[in-house]
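Encoded as C-alpha cells, the structure appears first; notes follow it.
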Amino acid sequence: MKRKPLIAANWKMNKGIGESLDYFLKFKDKNIDYSQVDVLIAPPYISLYPMYKEIKANKSPIFLSSQNIYMKDEGAYTGEISAAMVKSCGATYTILGHSERREYFNETDEIVNMKLKKAISAELNIILCVGERDIEREAGVAYEVVLSQLGKSLMGVTEEEIERIAIAYEPVWAIGTGKTASSEDAEAMHNEIRKKIEILYNKTIGESIRILYGGSVKPENIRELMQKENIDGALVGGASLDVEKFCKIATFYA
Ligand code: 13P
C-alpha cells in the first residue's frame, strides 16, 4: 500500500512571528512536488494565524499545526489554548504527546488521550508522538513502552476517528542529540506499531496509517530512513529551523 509521505517541521519554542513569516516566504518558493509529499509546519501558537494568512494568500499546500492543545474547551486555565482556538487560527493539525511535553509538563498517556479526543471533536488532525527513553531501550523494553503508550493514548478512539491520526515514533534518546536510530531499528519499531494498529483496529487501517520517524533527522539521513517500507515520513526538530535543510529533507524523493 502506497502511503503519501508526510514531512513535518516541529519548531518547538523557536522563532517569533517575523522569523516565522520570513521562513515561510522563503520556503514557499522552493521547488517541492506536493503530489509526492505532504509538508507540515508546527510553529509556536503565536505564529499560527499570521502564517495561515500567508499560506492562504499564496495558495500554498503546506499544512499548519500546533504543537499542543489543552484538554478543556474553555475556562479558567491561565495560559492554555483549546483545540477550537487552534482550529480558529487556521491550523488543521496538532502534535500531541511529544516527549518534551511528557517530560517537562508531566503529560501522561491519560492526558494525551483526553487531548486527542478534544482535537478530534474540533476536527483537527493529530500527530501522536510515542517513544522510549534510553534506559528503557537498554533494558530491552522499548517495544512494550511504545506499544503501551500507543494503546493508552488511543483508548476509546474509533475506526473513523483514527483516520485523523498519524503516529510519530520518536525515541527520546535520539531527540536533539545527533544520535539517530538506525534505519533498521526504526523500521522494526514502525512495523510493531503498524501491527498493533492492525490489532486495535483492522488491517486496512494498519496499512493506511502514516508512521513518521523523529529524532535527529537531517538531510544526510532522510533518504535511508524513507527507503524503509514502514517509515512514512519524518517529524523534524532542529534541522527544520533552517529553510534550506528542511527543504532538502522535504525533497528526499528527488
Ligand atoms: P530533533 O530533530 O531536533 O532531534 O527533534 C526531533 C523532535 O523532537 C521532533 O518533534
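The values are calculated or read from the model by the stated rules, or taken from the named source; none is laboratory data. Just so it is clear, the structure is predicted and the values come from calculations on it, not from any experiment. All Cβ positions, even for glycine, are placed from backbone atoms using ideal geometry, and neighbour counts span all protein chains on display. Surface accessibility is based on the protein's heavy atoms, side chains included, excluding ligands, DNA and RNA. Shrake-Rupley method; radii C 1.70, N 1.55, O 1.52, S 1.80 Å.
List the aspartates and glutamates whose alpha-carbon lies under 13 Å from that of Lys87, not counting same-chain residues fewer than 8 positions away?
Partners found: Asp73, Glu123.
Give me the distance in nm between label points sitting 7 Å out from Cα along the Cα-to-Cβ direction at Asp185 and Ser88, one decimal.
Output for this residue pair reads 4.4 nm.
Binning every alpha carbon pair distance of the chain at 5 Å from zero, what are the percents per bin?
1, 6, 14, 19, 21, 18, 13, 6, 2, 0, 0
Would you mind computing, in nm to one decimal, how far apart the modelled labels at Arg3 and Ala139 are, each placed 7 Å from Cα along Cα→Cβ?
In this crude label model, Arg3 to Ala139 measures out at 2.8 nm.
Below 8 Å, C-alpha to C-alpha, sequence gap of six or more: please give me the relative contact order for the chain in percent. Can you show the working numbers first?
Values: 469 pairs, mean separation 53.1, N = 254.
Computed value for the chain: 21 percent relative contact order.
Taking amide hydrogens as modeled 1.01 Å from N in the peptide plane, which residues meet the under 5 Å criterion relative to Phe63, leaving out close sequence neighbours?
Val39, Leu40, Ile41
First check a/c for region 183-254, with a ≥ b ≥ c the square roots of the eigenvalues of its C-alpha gyration tensor; if it is under 1.5, answer rounded, and if not, answer prolate when a/b is larger than b/c or oblate otherwise. Before the final figure, lay out the partial values.
Numbers: a/c = 2.46, a/b = 2.32, b/c = 1.06.
Because a/c hits 1.5 or more and a/b exceeds b/c, region 183-254 counts as prolate.
Rounded to the nearest 0.05, what FRET efficiency is calculated for Lys59 and Glu160 with R0 set to 30 Å and r the Cβ-Cβ distance?
Once the sixth-power term is evaluated, E becomes 0.50.
Sorted by packing (mean other beta-carbon atoms within 10 Å per residue), highest first, where do 184-194, 119-129 land? Spell out each step's value before the answer.
Numbers: 184-194: 18.5, 119-129: 21.5.
Averaged packing, sorted descending, gives the order 119-129, 184-194.
Compute the length gained on full extension between Gln227 and Lys117: take 0.36 nm times their separation in residues and subtract their Cα-Cα distance, giving the result in nm to one decimal. Numbers along the way, then the final one.
Working: separation 110, 0.36 × 110 = 39.60 nm, distance 3.26 nm.
Taking Gln227 through Lys117 to full extension adds about 36.3 nm, to one decimal.
Translational D (Stokes-Einstein, µm²/s) of region 26-96 at 25 °C and 0.890 mPa s when Rh comes from the Kirkwood sum over C-alpha pairs? Present the calculation step by step, with values, prior to reporting the outcome.
On the way: Rh = 13.1 Å.
Translational D for this selection: 188 µm²/s.
Can you tell me the accessible area per residue over the chain, all protein chains present, probe 1.4 angstrom, in square angstrom?
On the way: 11740 Å² over 254 residues.
That works out to 46 Å² for each residue.
Kindly identify region 113-254 as rounded, prolate or oblate by the Cα gyration tensor criterion: order the square roots of the eigenvalues as a ≥ b ≥ c, call it rounded if a/c is under 1.5, otherwise compare a/b with b/c, prolate if a/b is larger, else oblate. Intermediate results must be reported in sequence, preceding the final value.
Numbers: a/c = 1.66, a/b = 1.33, b/c = 1.25.
Prolate, since a/c reaches 1.5 and a/b exceeds b/c.
Listed here are the pairs Lys28/Lys195; Lys12/Lys117; Lys72/Lys218; Lys15/Lys152; which of them are more than 29 Å apart at the Cα? Present the calculation step by step, with values, prior to reporting the outcome.
On the way: Lys28/Lys195 37 Å; Lys12/Lys117 22 Å; Lys72/Lys218 36 Å; Lys15/Lys152 33 Å.
From the list (Lys28/Lys195; Lys12/Lys117; Lys72/Lys218; Lys15/Lys152), the Cα-Cα distance tops 29 Å for Lys28/Lys195; Lys72/Lys218; Lys15/Lys152.
Principal axis extents for region 146-229, Cα atoms only, whole Å, descending order, please.
Per principal axis, max minus min of the Cα coordinates gives 37, 23, 19 Å.
In whole percent, how big is the carbon plus sulfur part of the accessible area of region 23-62, probe 1.4 Å, protein atoms only? Please list the in-between numbers first.
Numbers: 1020 of 2030 Å².
Heavy-atom surface of region 23-62 belonging to carbon and sulfur, 1.4 Å probe: 50 percent.
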